[in-house]
Amino acid sequence: MTWNSFGRIFRCTTWGESHGVAIGCVVDGVPSQLSLCEADIQQFLDQRKPAQNKYTTQRKESDKVSILSGVFDGVTTGTPIALMIHNEDQRSKDYGEIAQSFRPGHADYTYHAKYGVRDYRGGGRSSARETAMRVAAGAIARKVLAPYGIIIRACMVQMGEHKIDVARFDWNACSHNPFWCPDSVMAQQWEDYLDGIRKDGSSVGAIIEVHAEHVPVGWGAPIYAKLDADLAAAFMSINAVKAVEIGDGFASAALRGEQNADEMFYTEGKVGFRSNHAGGILGGISTGQTITARFAVKPTSSILTHVESITSAGEAMQLRTKGRHDPCVGIRAVPVAEAMMACVLADHALLARSYGHPIIPTL
């Protein structure tokens with residue numbers, strides 16, 4: 001299997017399976033002399049780990065990370081940083097009945113067709129368990145970004161057909177409900193809604209929004225290293241993500257040109273914009289505005305409801321997936337969204353440094 005790495009300079013390679021002994025990653029390209037310890041990484045892993053409430057999978061994993069290399073006396077050495085998390089609560093017997101069958105909506109069939117073999121225990125490599133290592137890498141990326149004062153935050157703005165009221169948007173509300181919801185009123189409605197979905201043995205999708213504030217102007221490159229293209233690829237690589245939009249995204253198709261234009265002005269030696277329909281990126285290059293993106297997460301494929309499928313021999317069957325699963329996988333995708341934003345921005349920060357950025361012309 002190839003393509004287990006992402007990034008150009010800040011480069012992360014993940015390894016491991018859902019029910020294997022451990023999962024891990026190697027992060028290369030990290031500058032030396034950055035302060036780093038396991039606690040710096042653990043605080044973000046704790047936001048993503050399962051079984052924190054009844055709305056996520058009840059698989060109990062401490063997700064305790066170990067730094068194996070690349071750090072000496074509390075600082076990075078400039079060499080590859082290896083991280084590892086031991087799996088602790090595998091229940092592989094839950095998947096015995098699907099060893100010879102394919103779960104609709106899952107990667108079972110495509111893995112089997114491509115490789116001729118698949119790890120059916122929790123999806124193996126295709127499991128969202130792998131995203132724990134992205135979150136770990138994201139914690140290191142935030143260290144690279146720290147000198148810029150960049151703030152990265154994500155939230156859930158829609159669950160199923162239920163959207164937040166943007167008039168009630170409050171980042172502070174995200175830490176006071178289990179959904180990372182910035183609308184405290186809608187968060188209460190989601191509790192009853194998702195409880196019903198969970199009791200039905202079903203699942204539901206979500207939309208996640210992620211912001212990056214104080215990103216310098218000039219990150220990214222035209223054509224094949226566009227900042228928004230790299231962000232879109234990073235978010236699409238997250239399990240169950242089926243759509244990504246930057247700024248107004250699909251909504252911009254309904255606007256006229258004069259509505260969509262982010263009008264500019266110049267005052268006190270600075271360029272300003274009267275709106276941010278572009279999501280902080282023009283021509284693949286950051287504008288200095290807040291970078292905004294959203295992505296849609298499909299309903300969890302592993303459900304207790306019976307669905308039609310086939311066996312690996314082509315026989316028709318009715319399938320229901322046993323085990324412990326998220327009724328809305330979008331909940332735990334929120335910290336993963338922040339991590340992928342951080343990794344892409346760290347990569348572009350190092351790319352910008354490599355060719356002498358910033359050189360901003362005088363107006």
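Within the group A154, A146, A141, A137, which residue is under 21 Å from A234 (Cα atoms), assigned to a helix (DSSP H, G or I), among the small types (G, A, S) and touching a strand residue (DSSP E or B) at 6+ places or on another chain (Cβ under 7 Å)?
Details: A154 fails: assigned to a helix (DSSP H, G or I); A146 fails: touching a strand residue (DSSP E or B) at 6+ places or on another chain (Cβ under 7 Å); A141 fails: touching a strand residue (DSSP E or B) at 6+ places or on another chain (Cβ under 7 Å).
Result of the check over A154, A146, A141, A137: A137.
Quick one: T77 ticks every box in (1) touching a Phe, Trp or Tyr at 6+ places or on another chain (Cβ under 7 Å); (2) modelled with pLDDT of 85 or more bar one, so which box is it?
With respect to (1) touching a Phe, Trp or Tyr at 6+ places or on another chain (Cβ under 7 Å); (2) modelled with pLDDT of 85 or more, T77 is out only on (1).
Any residue that is buried (at least 21 other Cβ atoms within 10 Å of the Cβ), more than 23 Å from V241 (Cα to Cα) and not acidic (D, E) - is there at least one of those in the stretch 113-127?
No: zero hits.
Does the stretch 99-107 contain at least one residue that is in a helix (DSSP H, G or I), touching a residue at least 60 places away in the same chain (Cβ under 8 Å) and open to solvent by 10 Å² or more (accessible area, probe 1.4 Å)? Spell out how you get there, then give the answer.
First pass over the stretch 99-107, keeping only residues in a helix (DSSP H, G or I): none.
For the stretch 99-107, residues in a helix (DSSP H, G or I), touching a residue at least 60 places away in the same chain (Cβ under 8 Å) and open to solvent by 10 Å² or more (accessible area, probe 1.4 Å): absent.
Okay, residues lined up against (1) at pLDDT below 90; (2) open to solvent by 30 Å² or more (accessible area, probe 1.4 Å):
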residue: I285; (1), (2): no, yes
residue: G288; (1), (2): no, yes
residue: E308; (1), (2): yes, yes
residue: G314; (1), (2): yes, yes
residue: C328; (1), (2): no, no
residue: M341; (1), (2): no, no
residue: H348; (1), (2): no, no
residue: A352; (1), (2): no, no
residue: L363; (1), (2): yes, yes
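What single numbered condition from (1) under 15 Å from the mean Cα position of the chain (by Cα); (2) open to solvent by less than 30 Å² (accessible area, probe 1.4 Å); (3) of a type in the set (G, A, S) fails to hold for S237?
(2)
Checking A187 against (1) of a type outside the set (S, T, N, Q); (2) open to solvent by less than 30 Å² (accessible area, probe 1.4 Å); (3) under 28 Å from A146 (Cβ atoms), only one condition comes out false. Which one?
Of everything listed in (1) of a type outside the set (S, T, N, Q); (2) open to solvent by less than 30 Å² (accessible area, probe 1.4 Å); (3) under 28 Å from A146 (Cβ atoms), A187 misses just condition (3).
Name the single residue, out of those in the stretch 23-36 being open to solvent by less than 10 Å² (accessible area, probe 1.4 Å) and of a type in the set (A, V, I, L, M), that is farthest from the chain's Cα centre (by Cα). Give the derivation first.
Residues of the stretch 23-36 open to solvent by less than 10 Å² (accessible area, probe 1.4 Å): 23-25, 27, 30, 36.
Filter once more, keeping what is of a type in the set (A, V, I, L, M): 23, 27, 30, 36.
Numbers: I23: 17, V27: 17, V30: 20, L36: 22 Å.
Ranking the qualifying residues of the stretch 23-36, first place goes to L36.
Would you please list the contacts, defined by Cβ atoms under 6 Å and residues six or more apart or on different chains, that run from a residue in the stretch 130-150 that is surrounded by fewer than 24 Cβ atoms within 10 Å (Cβ to Cβ) and modelled with pLDDT of 95 or more to a residue that is among the β-branched types (V, I, T) and not in a helix (DSSP H, G or I)?
Partner pairs satisfying both residue conditions: I150/V215.
In the stretch 276-298, how many are outside any loop (DSSP other than H, G, I, E, B) and touching a Phe, Trp or Tyr at 6+ places or on another chain (Cβ under 8 Å)?
Start the filter on the stretch 276-298 by keeping residues that are outside any loop (DSSP other than H, G, I, E, B), which leaves 281-282, 285-286, 291-297.
Add one more test, that the residue is touching a Phe, Trp or Tyr at 6+ places or on another chain (Cβ under 8 Å), and what stays is 285-286, 293, 295.
Residues flagged as outside any loop (DSSP other than H, G, I, E, B) and touching a Phe, Trp or Tyr at 6+ places or on another chain (Cβ under 8 Å) within the stretch 276-298 amount to 4.
Please work out which residue is farthest from L319 (Cα to Cα), limiting yourself to the stretch 186-219 and to residues that are more than 20 Å from the chain's Cα centre (by Cα) and among the hydroxyl-bearing types (S, T, Y).
Only one residue fits best here, namely Y193.
With respect to the numbered conditions (1) more than 21 Å from the chain's Cα centre (by Cα); (2) assigned to a strand (DSSP E or B), which one is the sole condition not fulfilled by G20?
With respect to (1) more than 21 Å from the chain's Cα centre (by Cα); (2) assigned to a strand (DSSP E or B), G20 is out only on (2).
Are any residues in the stretch 216-265 hydroxyl-bearing (S, T, Y) and at pLDDT 95 or above, and if so, which ones?
Going residue by residue through the stretch 216-265, those that are hydroxyl-bearing (S, T, Y) are 224, 237, 252.
Within the stretch 216-265, S237, S252 qualify.
Taking the stretch 11-60 on its own, how many of its residues are at pLDDT below 85 and closer than 15 Å to V135 by Cβ?
4
For the stretch 299-355, what are the residues that are assigned to a strand (DSSP E or B) and touching a Phe, Trp or Tyr at 6+ places or on another chain (Cβ under 9 Å)? Full working, then the answer.
Initially, the stretch 299-355 is screened for residues assigned to a strand (DSSP E or B), giving 307-311, 316-319.
Within the stretch 299-355, S309, I310, T311, L319 meet the criteria.
Please determine whether any residue of the stretch 190-207 is among the small types (G, A, S) and farther than 25 Å from R320 by Cα.
No.
Looking only at the stretch 263-283, which residues are surrounded by fewer than 20 Cβ atoms within 10 Å (Cβ to Cβ) and touching a residue at least 24 places away in the same chain (Cβ under 8 Å)? Walk me through it before giving the result.
In the first step, residues of the stretch 263-283 are kept if they are surrounded by fewer than 20 Cβ atoms within 10 Å (Cβ to Cβ); the result is 263-277, 282-283.
Once the filter is applied, which keeps residues that are surrounded by fewer than 20 Cβ atoms within 10 Å (Cβ to Cβ) and touching a residue at least 24 places away in the same chain (Cβ under 8 Å), the stretch 263-283 yields Y266, V271, N276, H277, G283.
For a quick check of your reading of the model, give me the residue pairs whose first member lies in the stretch 66-85 and is among the basic types (K, R), whose second is open to solvent by less than 40 Å² (accessible area, probe 1.4 Å), with beta-carbon atoms closer than 9 Å and at least 6 apart or on different chains.
none
May I ask you to list pairs of residues, at least six apart or on different chains, whose Cβ atoms are under 9 Å apart, with the first in the stretch 185-210 being hydroxyl-bearing (S, T, Y) and the second being assigned to a strand (DSSP E or B)?
Sorted first by the residue in the stretch 185-210, then by its partner, the pairs are Y193/M159; Y193/H162.
The values are calculated or read from the model by the stated rules, or taken from the named source; none is laboratory data. Because the structure is a prediction, the values reported are computed rather than measured. Cβ coordinates were reconstructed from backbone atoms using ideal geometry, including for glycine residues, and neighbour counts include every protein chain displayed. Calculation scope for accessible area: heavy atoms of the full protein, side chains included, ligands and nucleic acids excluded. Shrake-Rupley method; radii C 1.70, N 1.55, O 1.52, S 1.80 Å.
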